[in-house]
Amino acid sequence: MEKYNKTDEKHIIYHYCSVDAFLNIIENKILWLSDSEYMNDNTEGIWIDKVVQKIIIENIEENPKKKEKLEALKLEYKKLKQQKHYFMSFSKNGDSLSQWRSYADDGFGVAIGFQSGLFDDILHIPPQCNTVGKAIGKVAQSHIFKFSLTDIKYDENEIEETIRYYLDNKDISQADIYALLLKNINISVKHPSFKEEQEVRIVYTPNIPDQEEYNRRLDGAVEKLSKKIYRTSNNQIIPYYKLDFETDSNSLLIPKIILAPKSKLKEKDIQEFLISNGFESTKIEKSKAPYV
């Protein structure tokens, strides 16, 4: 089995942004976690509700003897309100033409490479648990983190798996727990049309029911957050949090940046800028994407 290396380049994830945003992130050591309702995907948090209902109905048709149990799950799921999530997006691909166009000032910006393998060590943000469906009761709830590094999926597998585990559990009273697990999946599942983004997110969910005692170990991450603040964009007022990532290991956390295909930045100037802000060994690369 391959040994997990926290600083391996394959664990770098990239945040595409404008030059202005790049300067702000590097100078202030701050990331912005914005309200998910204002993201580019207008099905965010909604598409999964339709998928859950569809899969429950399909299971009722296939398993009529378990109709009562599935109806209980359906009812508990409907009771749950949509949780407020705040997140910042990254991509596993640091040189994507579509991402340069959409998120980096139409090819003039920067992709900042963060070493995700160190997020837990430095920012105290753990990866989202991918096996919550196998757990029940308080154990299952304890895996629903208020803070997590979340790898986005673009299919229905995790939803189907969670419902399958629920059906295998003989205790019908667990419908509320599995409904909560399903609701929480909405932070890690997107419509398949977004698959090429290869998205990874830092997700913060301020209010998770009955979760405070299980999330105390995440206090280190929460302490790095500002209070909720607001900004304007596209004639809207958007709530967000600032996440402080200042560390003694700046270049370990951000080992690489990639300049966009149409970037006008001079590598020498960027190198001096990085060094002056504590990123002495961060590497600079130029995009190889053919975009002019």
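The values are calculated or read from the model by the stated rules, or taken from the named source; none is laboratory data. Keep in mind it's a predicted model, so treat the numbers as computed, not measured. FYI the Cβ positions are ideal-geometry reconstructions off the backbone, even for glycines, and counts take in every protein chain you see.
Restricting attention to region 251-277, the residues that are surrounded by 18 or more Cβ atoms within 10 Å (Cβ to Cβ) and of a type in the set (Gly, Ala, Ser) total 2.
Considering (1) modelled with pLDDT of 80 or more; (2) not assigned by TED's automatic domain parsing to the domain that holds residue 34, the lone condition that residue 195 does not fulfil carries the number (2). Being of a type in the set (A, V, I, L, M, F, W, C), outside any helix (DSSP H, G or I) and within 15 Å of the chain's Cα centre (by Cα) is the requirement here; does residue 125 meet it? Against the criterion (of a type in the set (A, V, I, L, M, F, W, C), outside any helix (DSSP H, G or I) and within 15 Å of the chain's Cα centre (by Cα)), residue 125 qualifies. Mind checking which residues of region 76-110 are surrounded by fewer than 21 Cβ atoms within 10 Å (Cβ to Cβ) and in a helix (DSSP H, G or I)? Correct list: 76, 77, 78, 79, 97, 98, 101, 102, 105, 106, 107.
Scan region 232-255 for residues that are among the hydroxyl-bearing types (Ser, Thr, Tyr) and without any contact (Cβ under 8 Å) to a residue 40 or more places away in the chain and jot them down. Listed by number, the residues that qualify are 232, 251.
Here residue 76 fits the description: within 27 Å of residue 146 (Cα to Cα) and not assigned by TED's automatic domain parsing to the domain that holds residue 279. Close contacts from region 21-41, counting a first residue that is over 19 Å from residue 222 (Cα atoms) and a second that is of a type in the set (Ser, Thr, Tyr) and in a strand (DSSP E or B), with Cβ to Cβ under 8 Å and a gap of 6+ residues or different chains, come to 38/233; 39/89. Can you work out which of the residues in region 170-200 that are assigned to a helix (DSSP H, G or I), under 12 Å from residue 154 (Cα atoms) and not aliphatic (A, V, I, L, M) is nearest to the chain's Cα centre (by Cα)? Ranking the candidates gives 186 first.
The residues on offer are 258, 238, 284, 187, and the sole one that is modelled with pLDDT under 90 and of a type in the set (Val, Ile, Thr) is 187. Of all residues in region 150-164, those that are hydrophobic (A, V, I, L, M, F, W, C) and assigned to a helix (DSSP H, G or I) total 2. Of the residues 84, 79, the single one that is touching a residue at least 24 places away in the same chain (Cβ under 8 Å), closer than 17 Å to residue 185 by Cα and in contact with a Pro (Cβ under 8 Å, 6 or more places away or on another chain) is 84.
Tell me which residues, restricted to region 108-122, are more than 14 Å from the chain's Cα centre (by Cα) and at pLDDT 95 or above. Hits for region 108-122 are 108, 109, 110, 111, 112, 113, 115. When restricted to residues that are surrounded by fewer than 18 Cβ atoms within 10 Å (Cβ to Cβ) and assigned to a helix (DSSP H, G or I), region 12-42 contains 7.
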